[in-house]
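The values are calculated or read from the model by the stated rules, or taken from the named source; none is laboratory data. On a predicted model such as this, the values are computed, not experimentally measured, just so you know. No Cβ is skipped: glycine too gets one built from the backbone with ideal geometry, and neighbour counts run over all protein chains shown. Surface accessibility is based on the protein's heavy atoms, side chains included, excluding ligands, DNA and RNA. Shrake-Rupley method; radii C 1.70, N 1.55, O 1.52, S 1.80 Å.
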Amino acid sequence: MRIAETDALRMAYVEAGPADGWPVILSHGFPYDVHAYDEVAPILAAAGARVLAPYLRGFGPTQMRHDGQMRSGQQAALGKDLIDLMNALGVNRAILAGYDWGGLSSCVAAALWPERVAGLVSLAGYDVIDIERMRHPFPPSLEAVMWYQHLFQTERGREALTTDRRALCELLWRQWSPRWNFDAATFERTAPSFDNPDFVDIVIHAYRFDFGLAAGDPELEPLERRLQARPRIRVPAVTLDGADDPLKPGGTADHAPMFAGPHEHRTIPCGHNLPQEAPASFAEAVLTVRKMANAA
């Protein structure tokens with residue numbers, strides 16, 4: 001594990017592959033961590049990639065730089081964190097790949113800083129959050145799957161995440177990946193990342209901001225305004241769906257118009273945690289984007 005110092009974070013990350021390889025940043029989701037890529041990283045490293053897998057803000061050893069900083073989980077913060085990481089490491093352009101919060105942060109960075117992004121892999125689809133849409137209900141079957149987001153709008157939800165975070169997060173793993181028979185050791189490798197002192201504050205803020213019920217960081221408001229304009233993503237991209245992912249019923253193939261550059265969409269027989277459930281498929285998507293970027 002290594003630490004990169006940015007303006008906002010002491011960002012912990014793990015690295016694999018040659019130091020002079022083609023850079024790819026693998027970003028995990030909630031409630032996961034860098035272990036989601038334990039089987040993806042060696043495949044990419046063997047293909048010549050410099051693989052960087054950061055612990056996102058609020059997870060694992062990553063720390064906020066200052067006590068007075070807003071513990072923001074909003075999408076502009078997550079996307080900017082990736083660009084700040086690249087700046088700290090002297091990486092000019094990189095392929096960004098992720099799922100859940102990691103897909104969100106990668107899509108945000110690709111939409112706002114395309115000159116820094118060589119290509120994109122995203123589960124699921126165009127994952128920039130439409131906050132105005134989130135103010136209104138989805139079909140009841142999907143609202144039921146989103147129970148945790150509703151819980152987090154309340155102080156009761158903050159208490160639940162504070163006092164029983166392991167049980168809550170393990171339940172989400174099982175609900176979102178119904179065919180993935182992970183063992184206790186697999187979950188316990190990741191669970192300590194939820195003990196970060198800022199985990200609860202950042203998670204709660206993320207979901208309240210997404211619902212339009214919490215103010216964001218004023219310094220990030222210009223970026224959020226750009227995101228609410230729904231900018232198309234112009235870098236080469238492969239988007240992924242898990243066929244058994246209950247958070248994206250019907251998949252995201254209809255997001256194709258939001259991708260203005262070379263784009264492929266694939267559906268993989270797995271649930272929500274695609275890189276851990278189907279690591280070879282995730283790695284292959286990254287390698288496809290690499291070929292797209294070289295051909296562009």
**OP:** Using the Cα centre as the reference, give the magnitude of the dipole from point charges on the C-beta atoms of the stretch 70-134 (Lys, Arg: +1; Asp, Glu: -1; all else neutral), rounded to the nearest 20 debye.
**Re:** 140
Original post:
What does the charge dipole of the chain about its Cα centre add up to, to the nearest 20 debye, if the Cβ of each Lys and Arg holds +1 and the Cβ of each Asp and Glu holds -1?
Top reply: 580
Original post:
Which of Leu247, Phe182, His150 sits closest to the plus end of the dipole of the stretch 142-291, meaning its Cα is farthest towards the positive end, when Lys and Arg get +1 and Asp and Glu get -1 on the C-beta?
Top reply: Leu247
**OP:** Could you tally the net charge around Asp130, taking each other residue with its Cβ under 11 Å from the Cβ of Asp130, Lys/Arg +1 and Asp/Glu -1?
**Re:** 0
Subject >> ³J(HN,Hα) computed for each position of the stretch 153-169 - Karplus, 6.51 cos²θ - 1.76 cosθ + 1.60, integer Hz, glycine/proline x >> reply: 6, 10, 5, 4, x, 4, 5, 4, 5, 6, 8, 9, 5, 5, 5, 5, 5
**OP:** Could you work out the Kirkwood radius for the stretch 188-296, taking every pair of different alpha carbons, averaging 1/r and inverting it, reported in Å?
**Re:** 16.8
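Could you report the chain's accessible area per residue, 1.4 Å probe, as an integer in Å²? Intermediate values should be presented prior to the final figure.
Details: 11860 Å² over 296 residues.
Using a 1.4 Å probe on heavy atoms only, each residue of the chain averages 40 Å².
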Subject >> Values of log10 I(q)/I(0), in the order q = 0.11, 0.17, 0.29 Å⁻¹, for the stretch 130-196 under a Debye, Cα-only, solvent-free model >> reply: -0.34, -0.77, -1.25
Subject >> Amide H within-cut-off set for Ala214, under 5 Å, with H built and near neighbours excluded >> reply: Phe209
**OP:** About the Cα centre of the stretch 187-296, how large is the charge dipole given +1 on each Lys and Arg Cβ and -1 on each Asp and Glu Cβ? Please answer in debye to the nearest 20.
**Re:** 640
**OP:** Name the long-range amide H neighbours of Ala260: under 5 Å, sequence gap of 5 or more, or other chain; modelled H, no Pro or chain starts.
**Re:** Ile233, Arg234
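Let me check I have the definition right: for the chain, take the eigenvalues of the Cα gyration tensor, multiply each by 5, take square roots. What are those semi-axes in whole Å, largest first?
Numbers: eigenvalues 128, 91, 86 Å².
Its equivalent ellipsoid spans semi-axes of 25, 21, 21 Å.
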Subject >> Farthest positive-ward along the chain dipole, Cα basis, beta-carbon charges - from Ala77, Ala109, Pro61 >> reply: Ala109
**OP:** Kindly provide the helix-only [θ] at 222 nm of the chain, computed as the sum of -39,500 (n - 2.57) over DSSP H runs of four or more divided by all residues, to the nearest 500 deg cm²/dmol?
**Re:** -11500 deg cm²/dmol
